[in-house]
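The values are calculated or read from the model by the stated rules, or taken from the named source; none is laboratory data. Remember, predicted model here, so these are calculated numbers, not experimental data. Virtual Cβ from ideal backbone geometry, glycine too; neighbours counted across all protein chains shown. Note: areas computed on protein heavy atoms with side chains; ligands, DNA, RNA excluded. Shrake-Rupley method; radii C 1.70, N 1.55, O 1.52, S 1.80 Å.
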Amino acid sequence: ADFNGDSQAAVSLTFDDGLQEHYTLVAPHLDRYCLKATFAINGQFIGDIDDHYAPRMTWDECRKLIGKGHELANHSWSHKNLINVDKSMLMAEISRNDSIIVSETGVFPRSFVYPYNGMTEEIVELCEVGRIGSRTSQFGLGQRNSKSTEASINKWVDELVADKEWGVAMLHGIYTGWDRWDEPWVLWNFFKRLAY
C-alpha cells in the first residue's frame with residue numbers, strides 16, 4: 001500500500017511496559033505534533049505507581065490515551081519471555097491481558113508486542129489471532145542501551161525515506177525504565193521531525 005498523503009516513508013512509534021511517564025511526558029509531546037503511538041501494556045502492573053522498575057500508568061490514564069487516538073497493545077499479562085513458557089501459560093498471558101484491557105477500556109487490543117522480543121513462528125501465530133498484527137521487527141530508540149543520538153536517529157529516518165520503507169521504533173522509558181534517555185530533547189526533536 002502507498003503511504004498516507006505524499007509521504008515517502010512511515011514510522012510507527014511503540015512504547016513498551018505502560019510506564020506512567022508515557023502518559024505524563026510522552027503523550028503531551030506527541031499531542032503537540034498531532035502524532036499517534038502504540039502503548040504496549042502489561043495488565044498485571046497497570047496502576048502500580050510503586051513498581052520497582054518504574055511507576056506504571058493507571059487504567060484511567062490508559063483510557064485517556066485511547067480517547068486521544070493512541071493505541072493500547074497487548075504486551076502480555078506479566079511480561080514473561082514467551083519463549084520460556086508452555087503453551088497453556090502463553091495462552092493465559094495473552095487472554096488474561098486481552099480480557100482486562102477490554103474490561104477496563106472497552107477496546108480490544110488490535111496489536112501485540114512481544115516481551116523481550118521473544119517470539120517463534122508458533123508464538124507469533126498464536127499472538128496474532130484476532131489482531132491486525134504484531135511487532136516482529138523494530139529499531140530500538142533510547143540512550144542507556146541503544147545509544148541513540150540525534151545523528152543516528154536522523155540516519156535511520158533518512159534510510160527509511162530513501163528506501164521508501166516503514167520503520168517501527170521501539171521505546172521504553174524517558175527518565176525511568178529500560179533504555180532511558182540522558183538527553184530527552186533528542187526524542188522530542190525526533191517527534192518534531194516526524195511531524196514536519
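Compared with the direct C-alpha span, the chain from S95 to E125 gains 9.4 nm at full extension, assuming 0.36 nm per residue. Computed from the C-beta positions of Q143 and K68, the FRET efficiency with R₀ = 30 Å rounds to 0.70. Legend: distances between Cα atoms for K36/K147; K155/K192; K80/K155; K64/K147; pairs beyond 27 Å are K80/K155; K64/K147.
One compactness figure for the chain is 0.99, namely its Cα radius of gyration divided by 2.2 N^0.38 Å. For trypsin sites (Lys or Arg not before Pro), the sites in segment 134-196 that DSSP calls loop and that have at most 11 other Cβ atoms within 10 Å are K147. Relative to the longest principal axis of the Cα atoms of the chain, the long axis of helix 87-105 lies at roughly 70 degrees.
Please compute the net charge surrounding H22, taking Lys and Arg as +1 and Asp and Glu as -1 over other residues with Cβ under 10 Å from its Cβ. Don't skip to the end; give the middle numbers.
On the way: positive: R56; negative: D16, D17, E21, E61.
That works out to -3.
Ignoring any ligand, DNA or RNA, what whole percent of the accessible area of the chain comes from carbon and sulfur when the probe is 1.4 angstrom?
On the way: 4990 of 9830 Å².
Looking at the chain in its full context, I get 51 percent from C and S.
Nearest 0.05, what FRET efficiency do N189 and W59 give at R0 = 41 Å with Cβ-Cβ as r?
Numbers: r = 32 Å, r/R0 = 0.77.
The pair N189/W59 has a calculated efficiency of 0.85.
Lys and Arg at +1, Asp and Glu at -1: add these up for the other residues within a Cβ distance under 10 Å of F108 and post the number.
Values: positive: R110, R131; negative: D98.
In short, +1.
Among S12, S76, the sequence by solvent-accessible area, most first, with a 1.4 Å probe is S12, S76. Sorting W166, W188 by accessible area puts them as W166, W188; the probe is 1.4 Å, largest comes first, and only protein heavy atoms count.
For K164, the aspartates and glutamates whose Cα falls under 17 Å of its own Cα, not counting residues fewer than eight places away in the same chain, are D2, D6. Solvent-accessible surface (1.4 Å probe) assigned to D50 amounts to roughly 130 Å².
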